[in-house]
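The values are calculated or read from the model by the stated rules, or taken from the named source; none is laboratory data. Just so it is clear, the structure is predicted and the values come from calculations on it, not from any experiment. Please note: Cβ atoms are built from the backbone with ideal geometry, for glycine as well, and neighbour counts cover all protein chains shown.
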Amino acid sequence: MPEKDAMISFEEHKRQIEEYQKLFPFYQTYAKVLKGILEKACKLLSRRLLSRRVQGRIQFCRESVRKYTKYRDPVNQFTDLCGARVIGSNPLNRSRR
């Protein structure tokens with residue numbers, strides 16, 4: 001279990017950032033593919049794709065420091081490095097119109 005007040009060392013932070021830099025292009029490709037798949041699904045289901053994103057490098061740097069006590073290997077432990085949002089309508093809301 002990580003120490004509560006542990007701080008990431010400069011060397012470890014630099015290593016994590018360099019590792020994320022290497023993976024960043026893959027996440028960008030993943031986001032494009034995800035967008036394409038979700039856009040097709042949204043058309044079929046009459047839904048709207050709200051957004052897709054890859055976590056920015058600066059945000060990754062900040063979070064890796066802020067959450068270091070919980071995530072000692074953020075580049076492999078963070079689960080929100082790439083994502084998308086889809087808006088669906090609630091059938092109950094549609095019937096009220």
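Can you go through PHE60, PHE10, PHE26 and tell me which one is of a type outside the set (S, T, N, Q) and touching a helix residue (DSSP H, G or I) at 6+ places or on another chain (Cβ under 7 Å)?
PHE60
Given the options LYS40, LYS22, LYS35, LYS14, name the one that is assigned to a helix (DSSP H, G or I), more than 15 Å from ASP80 (Cβ to Cβ), touching a strand residue (DSSP E or B) at 6+ places or on another chain (Cβ under 9 Å) and modelled with pLDDT of 85 or more.
From the options LYS40, LYS22, LYS35, LYS14, the qualifying one is LYS35.
Could you tell me whether LYS70 is assigned to a loop (DSSP other than H, G, I, E, B) and either of a type outside the set (Val, Ile, Thr) or at pLDDT 95 or above (or both)?
yes
Which of the residues that make up region 61-90 are farther than 14 Å from GLU12 by Cα and among the aromatic types (Phe, Trp, Tyr)?
The one that is farther than 14 Å from GLU12 by Cα and among the aromatic types (Phe, Trp, Tyr): PHE78.
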